[in-house]
Structures are given as structure tokens and as C-alpha cells.
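These notes concern the structure reproduced below.
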Amino acid sequence: MTSRRDFLKVTGATGTGLILGLYLEAKPRPAAAAKAEFHPNAFLAVRPDGTVRITVPKTEMGQGVRTALPLVVAEEMDLDWSKIEVVTAQPGPDFKSMQTGGSTSVSSTWMPLRKAGAAAREMLKAAAAAKWRIGVDQCRTEKGFVLGTGGKKLGYGDLVEAAAKLPVPKEPILKKTSDFHLLGKRTPRFDGPAIVTGKAVFGLDVRRPGQRFAAMLRCPVPGGQPYSWDAWKAMKVVGVAGVVQVPTGLAVIADSTWAAFKGREALAATTTWEEGAAKNFNSAALEAKMRKALTGLADEVRKEGDAEKALAAAARRIEAEYSFPFQAHATVEPMNATAQVGQDSAEIWTGTQSPNKAQERAAAAIGLKPEQVKVNVALLGGGFGRRLGTDFSTEAAQVAHAAGGRGPVQVVWDREEDFRHDLFHPATLHRMRAGLNATGTLSAWCHRIAGPAVLRSWMGGKKLATQASVEANGALDIPYNIPTLKVDFAEVEAPMPLGWWRGIEIVPNVFARECFLDEVAHALRKDPLQLRLDLLGDRGLVKFGVEGADIRRLKKVLEVAADKAGWGHKHDAGHGLGLACHAYDGRTYAAAVAEVSVEKGQLRIHKVTCAVDCGFVVNPSGLEAQVEGGIAFGLSALFTQITWEKGRTVQTGFEHFPLLRMADMPSIEVHVVPSDEAPSGIGEPPVPLAIPAALNAAFAATGKRIRRLPLGSDSFK
């Protein structure tokens, strides 16, 4: 927490209200920096008028953190939800870890924010008790008021001065779950009205005094550089103010986005390129290397018994190859950032999942210290892991710096640039092998993954000791009780920039795992649900690899999803049911059952029934939206891919990257398995289930096994 002396220093400096905060970092702060220890990573401010400002230390990108996290504070403080102001934090000494990803926003802040709200509540009660000269135990709180004996009542705003003089409780008493009146109830999204009325500010909406606009001309091959160009061609376009060179290419600066795009078009006609090492990269050659890597040396990540020996001794062996393509993030709002650079300071406005890294990398790129760069975090029109990267915000800072610091410059990517210069999810091949006993049981399981490593790309080319485990996530943590198994990863390097994608490596790995398990069930003549239940068994907490999982919780969601979907009952002719389940990072348990049909060679997904156990549910409305969005995101990957020819992406727009349309969206049922456990993530866990559930259902409907994505016009021939 902090000392009383430092607490009074800060509250006295504000002079207008009571400010509370909690340090949210996992690692301790240096003992010498007492003031830094005091500054919170998430804080709230109570004003004299009774309104409360809650600062959210995570980025809002549609997942609802600007609703869920304030709800946690508001619950413990007994606030009036209508009198809350929500703001997003800025990176700096008080907010050193604002990274938003991995479905960890609620789980990582759950207890710190509860304690922050509870501490504030107890201090306000103590201030009122002292004023009334009664015991604190004779006070209670309700919707922004402290209530005492004999009808006494004081608003929080009336108590800020007195409460600010009190010490902060180190271990405030937290509410019982049974006493919650906000948490666990359906709450509309805080930003909803502003978004639907157009008042919400996304990165593209940023407008600053004197703002200019820039369009980048980049080499069509990632990593390439301009060799020659004629800037005067662009300067002849009305509205164009100049052309500057930065490490990522040439920036055309103008008084409007349209003028910048037109100037870039003129400049492109005069520009030649040094395309670099990736100029000959193509998908076919990479796939050939990956297929070769399916045998031979690899990094082992999990081994139980001697799977190769068991395979050799099995009465029957089955083998299959599964293929997952490169993917783009394809956010609705393309990359953008606005930057203003002065001699000894800079300011950036952007939608980013990594505000602290955006600050650090922009500062390094323009020769400043991180504390000299202010980052304002706007709402994101889609993140999906793409905005964990900082290339677009760093680029904007470099453009503004190269432009001579004459006012803010907004760099806007168009859709083609967004596709060509994404941080891509890599393609992978999967060699699946299983051994079956004469008794009709599964005796051996081998899963080899071959493909580029996202982690190496993320670490600047370095190979970490954990690389193979990261790339095998979703495969190494297979939850089924199989006597012998082996999981390994064979890296095949590619020259393209890679990045985290919603569901990360778990999506292709679970796709191969859950589809191949259905093949095993078919070979054993067993019901796919029953085989899974048998293999899960009656185990409790099981540790495998780095993570572990409570198998009872996974089994429960599987049973609920199957029951609610009507597994085993008769369905319409030509329809099929398929299922998949997974314990996501050993924290969130989810299962999905898809109902599909294939009409004239086209897959139609009618319904997806999903059951989840993610601990205590902060906001049921938010959870349902996340499950629906996650299923839609996963189903889109049935049809999308990025391929390469001569170092260039073949797909450069939505016409070649067919995301799920509204007319194709299935009915989705979400069933929550109640849990008293602390909240865990829900943004990513449904994503990996969509593909295998749908393809297993397609097999049930047609008898055709799909092992290669994306689906094409001849997939079901």
C-alpha cells in the first residue's frame, strides 16, 4: 500500500477529493522509491459532489473492460452506478503494466480492484463514524451514502476531506458474494450509448488543432526499402505538404487523408524498391518445408511413456495430416495513430493493446525518454492481438518527428496496407498418429506441429527455452488420459512478421487435436462424446506441461453443452452434430456443439451451443457477447487465409478474406456453469472450439473428413 505520510502528501496536493489506489504489478517496486510505491496502478477519485472517477488500467477493444472493471470497484464501494465516470489510464509510473491480452484483464485485477473499493468504503465509513461519534460497526453504505443509527446519512462527497486524513486499510474486509448487488447482474456496456451515437472516440476519430494526415508508401514485400523516388510527383497533388522518409517507407503528408492517399498514388508511380530477403517467399515452398519437418528432429514438449513403442505394438494405427493457413487480424478499424513531437516531448493518440510498449518504443525511435512521451489510449475498433504490436504507433511518432515537429500528424493505413503489413498468425501442419488396442481402446497419441514460431518473431529473432511449449499450447495440454503420448514442435522459419492472434496457437492445435480425436472415435466405433467422457475419467486437478486443469470442471461443461444441444437425439435429415472441448490455459473451461448441414457443397452452420466455466461471472451480458464474438471469429477462420507469392500477400481485402457475414451467423446458445472460483478469461476460450466442432459436425452430416483449411468450393466433393 503506502505510508500515511505519503498518502496525505498526494491527497493534500489535489485539494479537491479523496484519491485511493492500489499497486497492481506482480513484481515489487524498489523500496527506495516511496512515492513511486504509493502511486497506484489503478485508482479512484471521489469528488465533493459525490461523483466517482474510476481509472481503468486496461484497453477497451469491445471486450467490455470499461464496464467490468468499474463494476468490481463500484460493488465493493457500494456506488451509485449512475454517478460514475470511467477513464482509461495512461502509461507511466502509476501504470507500468497496461498490456491487454490473453483474456486476463478481469482475472489479473479482480482482487486488487476489490481491495481498492473495499478500502475506500471502510475509510468513508470511518470518517462518518468519527463525525457522528458512533462505532464504525454501526455504519453501513448504500449507493454512494454512509448510513448510521437514527436515520443518519451522509453522501460520499461530504466525507472526502475527513476520509483523506485516515490511513488506508491494508486488508479491508471484502463483501461476500451473496451480498453483491452489481456483480453477477446484467449490466449494459458503459460505452454503449456513446458508441451507437458516434460520440465515442476511436483512434481514427482523433482530431487535434493543426492536425495533418499522412499515408505511408511501403514496399509490397515486408522488410523492403525504397531505392529511388520522385517526391515532386506527390507534391503536385493539391493538399500535399511534403514527403519524408522513415524506416518503414515514405510518408506523404497532407491536409486531408484523401489528399495523402492521392499523393501516395502519384509517388508510387515513380518509386522503385529494394525488396530484401523475403522477395522470393511463397506459400508452396514453405508448405513443402513444413511437410518435411513433420518427420525428423523436433523440440519435445510433453512425453508420457513410450508412445512410439506403443504405436508399433498397437493392433491398429491411424494417421492424418491437418493443415492451418496464415491468418490476418482484419480489424474493422485499420491501424492508425496520431503523434505530435516537440524538442523534448511527444504525445501520441492511438488505440493500442500495449500502451507501455508503445510509449517505450516510440521514445526510443525519436530519441526521447519514455517519461517524455505521453500516450493517450483511444477505443479500439478491433484488436484480436494485432494491436499488441507497436509498429503503427512507433511509425506515427517517426513520421511526426521527420516532419519537423510542426503539429500533430495522423498516419492512417488503408485496408490493403493493413493486410500486406499485418503481424500474421503463422501457418502450421500437424501430423497426428494414434495407436488402437484390440480391446477397442486408445493406447498411444503423437502430435507433431511444424511451422514458424510466433514467439521468436515476437522476441526479435531470439529463440527462448519456452518457445516449443508456447507454440504447442493446446496440444501439450491435451486433457485426455491416454497411456502414452508425445507432443513436439518442429520450427520452420519464415521471413514474415508474426504476431499474436485471438486464441493464438491454441486455435490450430485444438483444431487438429479435437478433429483427430473424432477420427479415433470413428475408428473405435464409439460415440465421440462418450469417448471424450471416458478419456477425461473421474480425475480432479491434473498437472501437465506448465499448466494444469481441473478435469471435473472440463467434464461438466462438456456434459452441459451436449445435453443442451440434444446430443444423441434425432435431428433434421442432412444435419450433423459435432463437438469439441478445451481447458484454456487451465483457467477457463469451455465446450461447444455445432449443428451444421452441407447444401450444394456449401457448409451451413445452423447453431452452436456453448457451455463455459470461467469462475465467477462479473457481467453475464458481457460474457455472452464475448462467447458469441469468439465463436464468430473462430468460424470465420474456416474460410479465410493469407497466401504468399514473390514475398507479397495474395489477399489484400475483404473480397479475398471472407469473414463471417451476418446472414451466415448461426444461432448461439451460451450456458454458464456456476462457479465460486475467482473470474478467469472468456475472450479467447470459445475461439478454438468453433472450427473442430463445425468440422466434426460436417463429418457427421456427410461422412467427409475435412483436414485442410480454408474450405473451398470442392471441399465436400
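For Arg433, Arg47, Arg121, the sequence from fewest to most other C-beta atoms within 10 Å is Arg47, Arg433, Arg121.
In this structure, the pairs whose alpha-carbon distance is over 24 Å, taken from Lys115/Lys369; Lys125/Lys152; Lys289/Lys543, are Lys115/Lys369; Lys289/Lys543. Contact order normalised by length for the chain, with contacts defined as Cα pairs under 8 Å and 6 or more residues apart; what percent is it? Relative contact order for the chain comes out at 13 percent. A cut-off of 5 Å between modelled amide H atoms, ignoring neighbours fewer than 5 places along the same chain, links Asp80 with Gly144.
Sorted by average packing, counted as other Cβ atoms within 10 angstrom per residue and highest first, what order do 632-642, 695-705, 293-303, 85-95 take? Numbers along the way, then the final one.
Values: 632-642: 22.1, 695-705: 20.5, 293-303: 15.5, 85-95: 17.9.
The packing order, highest mean first, is 632-642, 695-705, 85-95, 293-303.
Take the Cβ atoms of Ala678 and Glu308, set R0 to 41 Å, and the FRET efficiency comes out at 0.50.
Only the Cβ atoms of Lys and Arg (+1) and of Asp and Glu (-1) were treated as charged; on that basis the dipole of the chain about its Cα centre amounts to roughly 720 debye. Debye-formula intensities of the chain, expressed as log10 I(q)/I(0) at q = 0.05, 0.09, 0.10 Å⁻¹, are -0.28, -0.88, -1.05 (one equal scatterer per alpha-carbon, no solvent). Less than 5 angstrom separates the built amide H of His671 from those of Cys610, Ala611, Val612, all sequence-distant by 5 or more or on a different chain. In order along the stretch 73-81, the Karplus-derived 3J(HN,Hα) couplings, from 6.51 cos²θ - 1.76 cosθ + 1.60 at θ = phi - 60°, round to 5, 4, 5, 5, 8, 6, 8, 7, 4 Hz, and Gly and Pro are given as x. Cβ-to-Cβ counts within 10 Å put Ser97, Ser393, Ser715 in ascending order as Ser97, Ser715, Ser393, the fewest first. Taking 0.36 nm per residue of separation and subtracting the Cα-Cα distance, full extension of the segment from Asp137 to Glu161 would add 6.5 nm.
Expressed in Å, the radius of gyration and Dmax of the Cα atoms of the stretch 291-380 are 24.7, 75.
Sorting Thr51, Thr177 by the number of Cβ atoms found within 10 Å of their own Cβ, with the fewest placed first, yields Thr177, Thr51.
Values in this text are rule-based calculations from the coordinates and carry no lab data. Because the structure is a prediction, the values reported are computed rather than measured. We place every Cβ from the backbone using ideal geometry, glycine too, and count neighbours over all the protein chains shown.
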